[in-house]
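Enquirer: This is the structure, below, for whatever I ask next.
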Amino acid sequence: MKSLYLLALGFLLSATSLHAQKMPLSYYLPEIAYDAKIPTPEAYFGFQIGEWHISHDQQVAYMRKLAELSPRVKLVEHGRTYENRPLIHLIITSEKNHQNLETIRTQHVALTNPDESGKLKPETMPSVIYQGFSIHGNEASGANAATLVAYYLLAGQGPEVEKLLNDVVIVFDPSFNPDGLTRFSTWANYHKNQNLTGDSQDREYSEAWPGGRFNHYWFDLNRDWLLGAHPESRARAKVFHDWKPNILTDHHEMGTNSSFFFMPGVPTRVNPITPKRNQELTAKIGTYHAKFLDEIGSLYYTQEGYDDFYYGKGSTFPDANGCIGILFEQASSRGHLQETANGPLTFHFTVRNQVRTALSTQKAAVDLRRELLDHQRGFFQDAQQEAKADQRKGYIFGDRYDLARVDQLVEILRRHQIDVYGLKNQVTLEGRTFDPGSSFIVPLEQTQYKLIRGIFETATTFEDSIFYDISSWTLPLSFNLPYAALGKSWNSGLLGAKVEGARPPRTISAVPAASYAYLMEWDHYYAPKALYHILKSGIRAKVGREPFVLNGKRYEPGTIMIPIANQEKTVAEIQQVVREAAGSAGVGFDGVSTGFTVEGIDLGSNGFSTLQLPKVAVIVGEGASPGTAGEAWHLLDTRYGMVVTKLETDDIARADLTRYNAIVLGAGAYNNSISAAGAAKLKEWVQNGGTLIGIQSAISWLKAQGIGTVEIRQPKEQPLGRKPYIQMDEDIASLEIPGTIFEAEIDHTHPLGFGYRRGKMPVFRDNDLFLEPGKNPYSSPLIYTDNPLISGYIKSTMTELPKRTAGIVVSGAGSGKVIFLADNPNFRAHWFGTNKLFANAIFFGHTISGMSLERGK
């Protein structure tokens, strides 16, 4: 690996003798003439950048002022966050280019179309760069630097600035994560001393949980570029595809004792779909960053630690779109001043490095303009030829039982400008039958050939054994959708109508009147939303534990029955509530006039269990993983429309837990955050009838507290022998399961398996905690198969470990249940295929027979 470390006197000087001083503008920006009509950040805010952390509202106000005063910029609001903060970007270029901006944009986008790009003249076209800052809100040097960079671009005078603005269009996104930035800036400013302290133990540097890294629901937005689970990401993807930039930069921070990193990353960890030319240009651009950092004596490194593998990250997503993605990582002051291994680290110094690399990127975009445009054109021309030579001609996917998951995948594909077609005729491939109306085809011979491969392909062998992020993200698997590759001999006559909008149009069938009961099948993704609405409205509902046939239709276990008789509401009121549920959730209901079935249980059978309105608490706060807790909160709140209480770990001991019938304890380290009294309170609550859902590492804590019964499978000791010390870090890292897709058998007669039709399903794993199946033969409804690896990395010496382990174990505890989930069913809000396991635990956990569980002990 290559490492570039330089002695940095400038760093030491600025971080010691100057850390208490206000920095002049020349500390950050070139000493050139600036337009006096444009206010500096210091003049506008009343303080210099680096003295305080700007809030998002301050940043937006300044950007609006710049847009008001400068003819070089157009400000666009492209979306809103969950907390209703504006998502803005600036389009910065010369006045002349602004007069012809739409033509420039459409011609530039045409470079990505192989059928048109050959007619264009790149030598006359500006390059386009997308500069984005602080997608992690507490990595604030980027967003603060953005104000200085914007000032430079809009007020700077002289031939170099003029050439930049003539030759480049800059799409400038000053804050990728407004909600997180606001949370962090408030914290850092609230705790700032007049006499700065670099002591890392000071409260300024210990953010309150969950910290400013995340968005409103505590998600890492840097993992959401491809998936688009959140409004920030969906809006950003539209801006990206509207412009198709040549370079995208993503300004981050890393550990305080580090220096500065820029791409390229580890050469052996590049996604194999990414062309070699991408990395060559990344390295070439890197020489500009090195030069600009050398000029101020900043330490830096490259080609180690980070990688370009997962296409869902901000610095790698562009690589699959003919763009060069650049990651910057600045050592973080996480406030205003910290002592580090490299000396005192000031906030203004971190801002300075971000400014320098923003300017170095702009310089590269000017000097390498033709190479960047040629790469973009060649990327898509090559992709067209590769697609024609590919033995696969496309992918087909669908699910007749749940159009919601199908449509959601279609929406992701369409968001990234992938052509999708309906299926004209029924077809059977690889033992799977696909039906018109519920199945779709994605031809490979289209512009986004490489991105399609990145979405649909699986892999189990890799050049490297270490991954900065997940090793597999095959989307039809995450949606639990049957899919297949179409071979060279596929019949193009299968193509139906092209999906023109974001998703295929659907018409919700009218809910028929019922004189006896309403029936709702549990297959639909949003069935939990419909059921919650019904229960919240005070209507009694039951779930069928066995199948039955009525009016010529077979209903599987998990069918919801809403009886008409003996309800507190009238027939008309019940029908109105059911219609509301159907309309809001997009779920179908059947109205029946009899409870007498021709096969299976009748509707009055004890084979139906009465349901209760879920009253859910999600444990949050110190010790809890913000990601896992946030994923549960997001699912229940935004998709199922449920009321959720977020209960702090240190409040459990004194909380009234009788208010809840389901508690979610996500991954975390709870030994020091949940007191002994809190653990005893949880145990008593379960024994009194509560359903406790423990996810991933929470299982170990629950086991240690004696809350539920579960056994953890231990890996076999592997003889290591003598090895070079230099290999230790990589050897340890290679043992991690970085995000891998496995296959498991699901018992869909078990309440936790309701709504699943097929006997096997993919599950996602990013931890090494494996559970032994419960001693009770009915307590493990999800079991890993004999050969479970579908896609992703697991070390060859560990492949035996997952086989026949339990993905779920249910333990009886007094009158209640503890449901252990070995894997996170809500991972990053895009594992739609396993969300229902979690929903079933909440809605049906209390219906699982406790007596049968006890007999197996």
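The values are calculated or read from the model by the stated rules, or taken from the named source; none is laboratory data. As the structure is a computational prediction, the values presented were derived from the model and not from experiment. Don't worry about glycine lacking a Cβ; one is built from the backbone with ideal geometry, like all the others, and counts go over all protein chains shown. Only protein heavy atoms, including side chains, enter the accessible area calculation; ligands, DNA and RNA are left aside. Shrake-Rupley method; radii C 1.70, N 1.55, O 1.52, S 1.80 Å.
Enquirer: Quickly run through the range 639-663 and pick out the residues that are buried (at least 16 other Cβ atoms within 10 Å of the Cβ) and within 21 Å of Ser537 (Cβ to Cβ).
Expert: Within the range 639-663, Arg639, Tyr640, Gly641, Met642, Val644, Tyr660, Asn661, Ala662 meet the criteria.
Enquirer: Inspect all residues belonging to the range 664-671 and state whether any of them is among the hydrophobic types (A, V, I, L, M, F, W, C), under 17 Å from Val810 (Cβ atoms) and open to solvent by less than 10 Å² (accessible area, probe 1.4 Å).
Expert: Checking the range 664-671: at least one residue is among the hydrophobic types (A, V, I, L, M, F, W, C), under 17 Å from Val810 (Cβ atoms) and open to solvent by less than 10 Å² (accessible area, probe 1.4 Å).
Enquirer: Follow-up. Here's a check for you: in the range 324-347, which residue that is part of a strand (DSSP E or B) and of a type in the set (Gly, Ala, Ser) is farthest from Phe380 (Cα to Cα)?
Expert: For the range 324-347, the residue satisfying everything is Ala331.
Enquirer: Let me ask something else about it. Are any residues in the range 638-669 in a helix (DSSP H, G or I) and either under 20 Å from Leu531 (Cα atoms) or touching a residue at least 40 places away in the same chain (Cβ under 8 Å) (or both), and if so, which ones?
Expert: Thr638, Arg639, Leu657, Arg659
Enquirer: Can you report the number of residues in the range 34-49 which are over 14 Å from Tyr151 (Cβ atoms) and in contact with a Ser or Thr (Cβ under 9 Å, 6 or more places away or on another chain)?
Expert: 0
One line per residue, one yes/no per condition, for (1) in contact (Cβ under 8 Å) with a residue 60 or more places away in the chain; (2) more than 28 Å from Gly437 (Cα to Cα); (3) of a type in the set (Phe, Trp, Tyr):
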| site | (1), (2), (3) |
| --- | --- |
| Ser515 | yes, yes, no |
| Ser537 | no, yes, no |
| Phe548 | no, no, yes |
| Glu556 | yes, no, no |
| Ile560 | no, no, no |
| Gly583 | yes, no, no |
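Enquirer: Being among the charged types (D, E, K, R), in contact with a Lys or Arg (Cβ under 9 Å, 6 or more places away or on another chain) and closer than 22 Å to Met761 by Cα narrows it down to one residue among Asp407, Asp469; which is it?
Expert: It is Asp407.
Enquirer: Gly297 passes all but one of (1) part of a loop (DSSP other than H, G, I, E, B); (2) on the phi < 0 side of the Ramachandran plot; which number fails?
Expert: Every listed condition holds for Gly297 apart from (2).
Enquirer: Looking at the range 170-190 only, could you name the residues that are in a loop (DSSP other than H, G, I, E, B) and either open to solvent by 10 Å² or more (accessible area, probe 1.4 Å) or among the polar types (S, T, N, Q) (or both)?
Expert: Ser175, Asn177
Enquirer: If Gly142 satisfies every condition in (1) open to solvent by 10 Å² or more (accessible area, probe 1.4 Å); (2) closer than 25 Å to Ala331 by Cα but one, which is the exception?
Expert: (1)
Enquirer: Next question, about the same structure. Kindly list, by first and then second residue, each pair from a residue in the range 16-36 that is part of a strand (DSSP E or B) to a residue that is at pLDDT 65 or above, limited to pairs with Cβ atoms under 9 Å and residues at least 6 apart or on different chains.
Expert: Taking only residues 6 or more apart or on different chains, the pairs are Tyr34/Leu25; Tyr34/Thr40; Tyr34/Tyr151; Tyr34/Tyr152; Tyr34/Ala155; Tyr34/Gly156; Tyr34/Gln157.
Enquirer: When both residues are 6+ apart or on different chains and their Cβ atoms are under 8 Å apart, which pairs have a first residue that lies in the range 806-830 and is closer than 15 Å to Ser697 by Cβ and touching a residue at least 12 places away in the same chain (Cβ under 8 Å), and a second that is part of a loop (DSSP other than H, G, I, E, B) and of a type in the set (Lys, Arg)?
Expert: Taking only residues 6 or more apart or on different chains, not a single pair turns up.
Enquirer: Being among the acidic types (Asp, Glu) and surrounded by 20 or more Cβ atoms within 10 Å (Cβ to Cβ) is the filter; apply it to the range 231-254 and report the residue that is farthest from Ile129 (Cα to Cα).
Expert: Ranking the candidates gives Glu253 first.
Enquirer: Out of the range 306-334, which residues are open to solvent by 10 Å² or more (accessible area, probe 1.4 Å) and within 17 Å of Glu457 (Cβ to Cβ)?
Expert: Phe309 - this is the single residue of the range 306-334 that is open to solvent by 10 Å² or more (accessible area, probe 1.4 Å) and within 17 Å of Glu457 (Cβ to Cβ).
Enquirer: Pick from Pro724, Pro751, Pro773, Pro762: which is at pLDDT below 95 and not small (Gly, Ala, Ser)?
Expert: That would be Pro724, the only listed residue that is at pLDDT below 95 and not small (Gly, Ala, Ser).
Enquirer: Is it true that Lys529 is open to solvent by 50 Å² or more (accessible area, probe 1.4 Å) and more than 19 Å from Gly607 (Cα to Cα)?
Expert: yes
Enquirer: Before we move on, is Gln381 without any contact (Cβ under 8 Å) to a residue 60 or more places away in the chain, among the polar types (S, T, N, Q), open to solvent by 10 Å² or more (accessible area, probe 1.4 Å) and part of a helix (DSSP H, G or I)?
Expert: So Gln381 fails the test.
Enquirer: A follow-up question, please. Scan (1) among the acidic types (Asp, Glu); (2) in contact with a His (Cβ under 8 Å, 6 or more places away or on another chain); (3) more than 22 Å from Leu226 (Cβ to Cβ) for the single condition Glu339 breaks and write down its number.
Expert: If we test Glu339 against (1) among the acidic types (Asp, Glu); (2) in contact with a His (Cβ under 8 Å, 6 or more places away or on another chain); (3) more than 22 Å from Leu226 (Cβ to Cβ), just (2) comes out false.
Enquirer: May I pose another question? Out of all the residues in the range 676-686, is one or more closer than 18 Å to Gly845 by Cα, buried (at least 16 other Cβ atoms within 10 Å of the Cβ) and in contact with an Asp or Glu (Cβ under 8 Å, 6 or more places away or on another chain)?
Expert: no
Enquirer: Right, next: Name the one entry in Ala617, Ala629, Ala572, Ala624 that is modelled with pLDDT of 95 or more and more than 30 Å from His136 (Cα to Cα).
Expert: Of Ala617, Ala629, Ala572, Ala624, the one residue that is modelled with pLDDT of 95 or more and more than 30 Å from His136 (Cα to Cα) is Ala572.
Enquirer: Let me ask you something else. Which one of Gly212, Gly228, Gly198 is open to solvent by less than 20 Å² (accessible area, probe 1.4 Å), assigned to a loop (DSSP other than H, G, I, E, B) and more than 24 Å from Leu635 (Cα to Cα)?
Expert: Result of the check over Gly212, Gly228, Gly198: Gly198.
Enquirer: Going by the conditions given, is Gly595 part of a loop (DSSP other than H, G, I, E, B), touching a residue at least 40 places away in the same chain (Cβ under 8 Å) and more than 33 Å from the chain's Cα centre (by Cα)?
Expert: yes
Enquirer: Does Gly583 count as outside any helix (DSSP H, G or I) and small (Gly, Ala, Ser)?
Expert: No: the conditions fail for Gly583.
Enquirer: So, of the residues in the range 439-489 that are of a type in the set (A, V, I, L, M) and in a strand (DSSP E or B), which turns out to be farthest from Gly759 (Cα to Cα)?
Expert: This residue is Val442.
Enquirer: Next question, about the same structure. Working only within the range 419-439, note down all residues that are open to solvent by 80 Å² or more (accessible area, probe 1.4 Å), closer than 16 Å to Gly487 by Cα and touching a helix residue (DSSP H, G or I) at 6+ places or on another chain (Cβ under 8 Å).
Expert: Selection gives nothing.
Enquirer: Under the condition of being more than 21 Å from Arg432 (Cβ to Cβ) and of a type in the set (A, V, I, L, M, F, W, C), which residue from the range 386-411 is most open to solvent (accessible area, probe 1.4 Å)?
Expert: Ranking the qualifying residues of the range 386-411, first place goes to Ala389.
Enquirer: Filtering the range 712-748 down to residues that are open to solvent by less than 80 Å² (accessible area, probe 1.4 Å) and polar (S, T, N, Q), which residue is farthest from the chain's Cα centre (by Cα)?
Expert: That would be Gln727.
Enquirer: If only one of Ser509, Ser515 is open to solvent by 50 Å² or more (accessible area, probe 1.4 Å), more than 30 Å from Tyr793 (Cα to Cα), in a loop (DSSP other than H, G, I, E, B) and touching a Ser or Thr at 6+ places or on another chain (Cβ under 7 Å), which one is it?
Expert: Ser515
Enquirer: If only one of Thr638, Thr559 is more than 30 Å from Gly211 (Cβ to Cβ) and at pLDDT 95 or above, which one is it?
Expert: None of the other options fit; the residue is Thr559.
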